[in-house]
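Data first, discussion second: the structure below is written as structure tokens.
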Amino acid sequence: MEQLKTIGRELAMGSQGGFGQSKEFLDLIKSIGETRSKNEEDRIVLREIETLKTRLANPNTPKFKLKEYLIRLLYVEMLGHDASFGYIYAVKMTHDENLLFKRTGYLAVTLFLNEDHDLIILIVNTIQKDLRSDNYLVVCAALNAVCRLINEETIPAVLPQVVELLGHQKEAVRKKAVMALHRFYQRAPGSVSHLISNFRKRLSDSDPGVMGATLCPLFDLITTDVNAYKDLVISFVNILKQVVERRLPKSFDYRQMPAPFIQIKLLKILGLLGNGDKKASEHMYTIVGDIMRKFDSTSNIGNAVLYECICCISSIHPNPKLLEAAADAISKFLKSDSHNMKYLGIDALGRLTKISPEIAEQHQLAVIDCLEDPDDTLKRKTFELLYKMTKSSNVEVIVNRMIDYMININDNHYKTEIASRCIELAEQFAPSNQWFIQTMNKVFEHAGDLVNAKVAHNLMRLIAEGFGEDDDTADSQLRSSAVESYLHIIGEPKLPSAFLQVICWILGEYGTADGKYSASYISGRLCDVAEAHSTDDIVKAYAVTALGKIYSFEIAAGRKAEVLPECESLIEELLASHSTDLQQRAYEVQAIVGLDAHAVENIMPMDASCEDIEIDKSLSFLNGYIQQAIEKGAQPYVSESERSGMSNISNFKSQEQHESLMHSLRFEAYELPKSSMAPHVPPVLASSTELVPVPNPYNHTEVHYSATPMPSVSNAGSSELKLRLDGVQKKWGRPSYSSPAPSTSNNDAPKIQNGTTQRDSVGSANSKARDVSYDSRKPQVEISPEKQKLAASLFGGPSKSDRRQSSSSQKVPKNNSHSANKSHVEKTATSDTVAVKTSQPPQDLLDLGEPTGTSIPPSLDPFKQLEGLLDLTQDSTTLNTGGGSGTDAPDIMSLYADMSLSGQGNENPLSTGNDSASLLSGFSDAANRNGHGVNTVPQLTQQLSKGQNHKDSLEKDALVRQMGVTPSGQNPNLFKDLLG
Amino acid sequence: MIRGVIVMNDRGKPRLVKFYEFQPAEKQQELIRSIYRVLCSRAENVSNFVKVDSLFGQDVRLVYKTFATLYFVFIFDSSENELAMLDLMQVFVETLDKVFSNVCELDVVFNFNKVHTILEEFILGGQVLETNSSEVVKTVEEILKMERAANSIKVVPSIPGWQGR
């Protein structure tokens, strides 16, 4: 320790004159540096704040001191303490004539204030003046401040000057003026919309730096409105060409590359402009191809440009030649040792799979590697890729992987994201109902409280509605399997509330439906749930309603509902619950148990949760009841407009209409009738028996009402179930619900219906198709073990684990399909594409080789195509493939034509292709070598930087210096000062 | 666009903080802390990129790199290229090295206003303005010359007992 102190002292003494700051400041930083705890630091900083407060307020403080105090204040705020008392001094300092003070003032205000701060108004004037200054450094300082501090209201005050500065003689000023204008555009597009043409003008600025700066606003503008800038395609391509041909001054070179940052920006812009625009894209092919051929894989920035090329290629209208080059580049990225390169490779792969799905398959192994990489960033990126390339053939593997990963992460944000992705994929591609339910169970089990409440409702609805429309047995199988799995899961501790709700609802609706489980068993389990989650009112509500359903189904079936003692006590307990909702539910259950079969059947019809409800909005069925009440002396209903202003509480006599006035009074709504009605029949049901005239809707609503829990179900998650509930509530609840609810529920119903039907057909088609193909492929299950291994590793890891948990019979044929695919790929590079597209003239295909395949629309599944080949009886898939390739044919032809057009510059596209390929492979070696060289350095640094004590860190830096690891590579002494 | 630039030391103490969208002081601290936590949890020898969409919103990532005792962090959205950001950071550090002739953490601490000046030449309003280190050095030197001409400041030459952190 002592030794360290000495070193530190020497250090401090040696470094050029104490950093030009006062002793006080040095002391402050030193003492903060020496603190051992946050408290200690806070104490020091608070003392500093007190000092600064008095010093700054002192009118006799000299200016240079003021400046230092301001910097100390900035430092204090950076450490997280409030420095707002000093803002005004910063503002004052901007008024100073002295450049040093002025700049300090501007720095302080840009760091302290946001653009809506009250003090800004005091600066605008100064900014205006400074923008007119003769000293361009003052102008620059003002422009810096403008970028940060000017808001929509103050833009007009400085706009004319900024526009004027676009023509300033200094290019540094022009550049900053462009940026300022860009900033205005970001902040308030309307205020500068008439000036946007200036950006176009600046594109041809004599200084390439200004041109480069202009690309930033243009990129933004083009993102918002591509079509307005199509005319610039040629200009951008020309600029890019000039850049690549090194026409810019040498000063723009970086790491021997001509203006790579400008290249990247231009490629981004071209990507936007060429997206979905064949004509625009044609202009770009040559130049992008040139860049890819010339790129320098030895430097970081070279790879950045290459990656940007791939992004551009994947965005513009596809060109087979370029796609091939991009695929090559990707494989180089993926083979690199650097995680950064792999990350870019995976990202690029994700972009390219949309256009040519088979590229991802070529890199299966690399992808699997990345999936198992310890680097979380890379892993997440890879999951993103998998998400993009999911289709019905690999959904099981991918989703299982995702779930496995999801279980182990703590970051809730990401967990939510990946959970909803799992659900999305499962809903979209589920191969079977069984699998779907199992998957959903897993997701809910581990992330149930994170996913949208809507998902839970979707699951309930899905199980209730079933997959196959006309196949009732399949539906009931689905339900039984759901019930089975839920009974299995239900005992586990710590299930998320949303999941328990689903479980209770399903058990209530379908627990006894198939007769496998007795009512008392199910009700016992439900009771357990309610007891185990006694703090969760929603779950309890679901459970108790489910109980009610079980009993009513029993009664409706002509049996006696035997209420288990524990259920009875649960209901007893809830009768006295503080939650009115629970209370009501308990009363309902109690009432149901006492009713006869006929009444119960009307209240709780079996499996009717999906039937539509007709809603009598005018509540005409209540007329008789109202009449009666009025005859008995109740006051007639006064509409809301009439009674506004009345102090309504005291006027209450007839509860029925008035309770809707304020929902704070909803308590009474349930309690008052109790006294007037038959003792053990609660009010809701009592009225419902009276309302037999319109039995159907009412009964159904009853079911839904009980199915859907009340307030805590968020509106965002409102599904049809929820909406129907609103329809009911209008009678009892707030008045505002009544009108919108029924209409929305009506609108929703058909839509949802469509969704499921679609899924149904897809799902069943898939599963059928698969079944057939399994059979057909069984004979050739045996393929060389080596290939099988390879194929297994396609999604290898998972398939191993899968075999453990699910039926192996399903998996084997699947692996087989991969290996079949593989073998095709391996035989010849082109065979698979040729084979699939037998309907086309073969010579063209051979000419184009692999690229033909790249034009297959992403929706086509190569596995499917192979299946089609293997078994022609599979009409659904083969038809699909046939249709796809049929429509493809003209496209491919035209593509070929495009190619030869665009390839004019290259003379012979094929030969250049070969050249470039060999060139690229040469580069790749270099890249690898270089990758190693570069890599060890940060590795070392990082490794070493983890050293706990100072000695370690000293040693490490000595080492680092020996290796010459400085940012510049020219200055090995970068950190010498610090470490002596 | 670039959302922010943070320089902090390996104990999570901020040395330079610049956000291009205003962040209130407490929020800044929170962000710095969360970023520090993320960076600490990163294994060695992994990529320099981290997705931070939970902190900054969709598609926002950061690039970080350690130089001796300092973490340099650039936060940016999808309109920037990760590798290019890494190189920009490199250029930034090179420039610091040139301006301070052998930069160290203390230089950054004591002259963070100067570091801000340098950063302003590179990034303005969240957009990359300049990528050439010698150009920036030239400009900054010009600014410093003007400033010196305008004023001279007392220099305290020693910090006794400094511990080297």
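Laboratory data are not the source of any read-out in this text; all were calculated from the coordinates shown. This one's a predicted model, so the numbers in the text were calculated from it and none came from an experiment. So basically every Cβ, Gly included, is an ideal-geometry build from the backbone, and we count neighbours across all protein chains shown.
Below 12 angstrom from the Cβ of A:Ile234, what's the summed charge of the other residues (Lys, Arg +1; Asp, Glu -1)? Here the charged neighbours net out to +1. Given axes a ≥ b ≥ c from the Cα gyration tensor, I'd like to know whether region A:480-534 is rounded (a/c under 1.5), prolate (a/b larger than b/c) or oblate. Verdict is prolate for region A:480-534. When the pairs A:Lys268/B:Lys114; A:Lys23/B:Lys138; A:Lys268/A:Lys388; A:Lys265/B:Lys27 are compared against a 24 Å limit on Cα-Cα distance, A:Lys268/B:Lys114; A:Lys23/B:Lys138; A:Lys265/B:Lys27 fall above it. Its residue count N fixes a reference of 2.2 N^0.38 Å for region A:477-610, and the Cα radius of gyration divided by that reference is 0.96. For region A:275-320 versus region A:476-534, the spacing of their alpha-carbon centroids is 56 Å. Taking only the C-alpha atoms, wrap a convex hull around region A:282-394 and report its volume per residue in Å³ as a whole number. Once divided by residue count, the hull of region A:282-394 is 91 Å³. For region A:187-330, the calculated P(r), taken from all Cα-Cα distances in 5 Å bins from zero up to the bin holding the longest distance, is 2, 10, 21, 22, 20, 14, 8, 3, 1, 0 percent. Computed about its Cα centre, the charge dipole of region A:272-317 is approximately 80 debye, with only Lys, Arg, Asp and Glu carrying charge at their Cβ. Scaling against 2.2 N^0.38 Å puts the C-alpha radius of gyration of region A:104-205 at 1.00. Taking each of A:Lys176/A:Lys250; A:Lys53/B:Lys98; A:Lys176/A:Lys342 in turn, the alpha-carbon distance tops 25 angstrom for A:Lys53/B:Lys98; A:Lys176/A:Lys342. Taking max minus min of the alpha-carbon positions on each principal axis, region B:1-137 gives extents of 37, 33, 30 Å, largest first. Measuring between their Cα centroids, region A:338-401 and region A:432-448 lie 23 Å from each other. Rg and Dmax, both from the Cα atoms of region A:42-82 and both in Å, are 10.1, 29.
Computed over the Cα atoms of region A:363-480, pair by distinct pair, the Kirkwood hydrodynamic radius stands at 15.0 angstrom.
With r defined as the distance between the Cβ atoms of A:Glu153 and A:Ser235 and R0 fixed at 45 Å, what FRET efficiency is calculated, to the nearest 0.05? For A:Glu153 and A:Ser235, the calculated efficiency is 0.80.
Rg of the Cα atoms in region A:35-161, relative to 2.2 N^0.38 Å, amounts to 1.13. Shielding of peptide A:541-549 by partners, expressed as the average count of other chain Cβ atoms within 10 Å per residue Cβ, is 0. Averaging the sequence gap over all C-alpha pairs within less than 8 Å and six or more residues apart, then dividing by the number of residues, gives chain B a relative contact order of 22 percent. With both labels modelled 7 Å from their Cα along Cα-to-Cβ, the B:Asp53 to B:Cys40 distance reads 2.6 nm.
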